[in-house]
Amino acid sequence: MKIESITLTHLRMPLVSPFETSFGRIRERECILVTIRSEGLTGYGECVADRDPGYAYETSGTAWHILKDFILPAILGQDVADAADFRRRVLHIRGHPMAKAGVEMALWDLLGKRAGKSLRELLGGERERVLVGVSVGLQESPEVLVRTVESYLAQGYARVKIKIKPGRDVADASAVRRAFPDLKLQVDANSAYTLETAQALKPLDDLNLLLIEQPLAEDDLWDHHLLQKEFRTPLCLDESILSVRHARQALEMGACRVINIKAGRVGGLSEAVAIHDLCRARGVPVWCGGMLETGVGRAANLALASLPGFALPGDISASDRYYAQDITNERFTLNPDSTIDVPNAPGLGVTLDRAAVKRFTLAEHKV
Ligand code: OSB
Ligand code: MG
């Protein structure tokens, strides 16, 4: 595919409600929309880096720089055969997986459109609808949290993840468990603990949780291994897993028993599928994480989650859980069985609401 032009659009979109994690509270989410034109077709990708380096070191600012000054020049005017070819062309750029993944997604969209195949088909996905859950941010109090969870259950979500941080962990999770004894429940600490402070999480082991996500630092597989030995509940890694190599080492070390896969965090959908394949071969359950994506990234997450090894419900909620106004014409809705349909149209299967994109645009760069 000859890469004829690329547009970067820096977006800032208001969330329907604030989202608070152990690393901060946001009311608006930023991302970079990547638009690539090739041979009469247009492909879209979403770079999921947000404004602040709270979840990862990448931000919309660093991604803009890496995209504009390094990734775009490496492919503009070039004939890029496929995602593997793209990855080879950006191998010399160290790190910055979210910046790379945004472009890789747009290339997958183009490849699908050219072949007349959905991203699900291209990636080898089997399901036409995928099980999903909702990720609930930190609330004012355990009482408010229980009410918030209750409202999502009323909407049909059958799996809930709550965010925790030191001092807001056992009481919150216990309150939700008491209120909903049979709920599929899991917690996410976003690296807020150390091996020492994580001792306070011991009572979580009696709450019948699906998993405990990323309690310790992102660069600390070894202490996750030590902590996993102390818990019956599976630990799940998110921030720590940036590649299929990290995934293999974490599993061999016993640092986790479940992996959260996010294409943005691992440099793209190809690496995400490779991690899925590794885990599937080893009988390790994976699930699709989320980064509060727009309809563009949400479509990609749904296609990814349709692969057979995604054994647990993903953090892929309906569009209205995030945005009153999204940038795609398509809006994703929750089915009564806590699933969302995987798009069927070629590529990502979404079209852009131009007026919405314009309304949320902070900056544009076109080459
Ligand atoms: O750790 O999974 C996370 C959102 C932004 C950054 C990190 C995380 C999250 C979520 C929300 O938990 C997942 C979603 O619904 O998109
Ligand atoms: Mg997480």
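Here is how the numbers come out for the structure above:
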quantity	calculated
Close pairs (7 angstrom Cβ cut-off, 6 or more residues apart or separate chains): closer than 24 Å to Pro18 by Cβ in the stretch 286-308, assigned to a loop (DSSP other than H, G, I, E, B) and small (Gly, Ala, Ser) anywhere	Met291/Gly264; Asn301/Gly290
Which numbered condition Leu292 fails, given (1) surrounded by 24 or more Cβ atoms within 10 Å (Cβ to Cβ); (2) under 10 Å from the mean Cα position of the chain (by Cα)	(1)
Within the stretch 231-246, considering residues that are in a loop (DSSP other than H, G, I, E, B) and under 14 Å from Arg265 (Cα atoms), the one farthest from ligand 2 (Cβ to nearest atom)	Ser243
Test: residue in the stretch 61-80 that is under 17 Å from Leu11 (Cβ atoms) and touching a Lys or Arg at 6+ places or on another chain (Cβ under 7 Å)	no
Whichever residue in the stretch 269-302 is assigned to a helix (DSSP H, G or I) and among the small types (Gly, Ala, Ser) and, among such residues, is farthest from ligand 1 (Cβ to nearest atom)	Ala281
Residue satisfying all of: in the stretch 224-245; within 19 Å of the chain's Cα centre (by Cα) and within 16 Å of ligand 1 (Cβ to nearest atom); surrounded by the fewest Cβ atoms within 10 Å (Cβ to Cβ) among these	Leu242
The listed residue being within 16 Å of ligand 2 (Cβ to nearest atom), farther than 16 Å from Val266 by Cα and not charged (D, E, K, R), out of Gly54, Gly77	Gly54
Breaking point among (1) in a loop (DSSP other than H, G, I, E, B); (2) under 16 Å from Met13 (Cα atoms); (3) of a type in the set (Val, Ile, Thr), for Val266	(2)
Cross-chain or 6+ apart pairs with Cβ under 8 Å, the stretch 180-198 first and in contact (Cβ under 8 Å) with a residue 60 or more places away in the chain, then away from ligand 2 (no atom under 16 Å from the Cβ) and among the aliphatic types (A, V, I, L, M)	Lys184/Ala158
Among the candidates Ala255, Ala263, residue that is within 16 Å of ligand 1 (Cβ to nearest atom) and of a type in the set (A, V, I, L, M)	Ala263
The stretch 319-367, residues that are without any contact (Cβ under 8 Å) to a residue 24 or more places away in the chain and in a loop (DSSP other than H, G, I, E, B)	Thr333, Thr351
Filter pass, Val136 being within 18 Å of the chain's Cα centre (by Cα) and free of Cβ contacts under 8 Å to residues at least 40 places away in the same chain	yes
Test: residue in the stretch 49-59 that is small (Gly, Ala, Ser) and closer than 23 Å to Leu302 by Cα	yes
Residue in the stretch 211-223 that is in contact (Cβ under 8 Å) with a residue 40 or more places away in the chain, within 16 Å of Asp315 (Cβ to Cβ), within 14 Å of ligand 1 (Cβ to nearest atom) and not in a loop (DSSP other than H, G, I, E, B) present	yes
Filter result for Asp277 (modelled with pLDDT of 95 or more, crowded, with 22+ Cβ neighbours inside 10 Å and not hydrophobic (A, V, I, L, M, F, W, C))	no
Ser270 being over 23 Å from Thr21 (Cβ atoms) and touching a Gly at 6+ places or on another chain (Cβ under 8 Å)	no
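The values are calculated or read from the model by the stated rules, or taken from the named source; none is laboratory data. Bear in mind the structure is a predicted one, so any value in this text is a computation, not a measurement. So basically every Cβ, Gly included, is an ideal-geometry build from the backbone, and we count neighbours across all protein chains shown.
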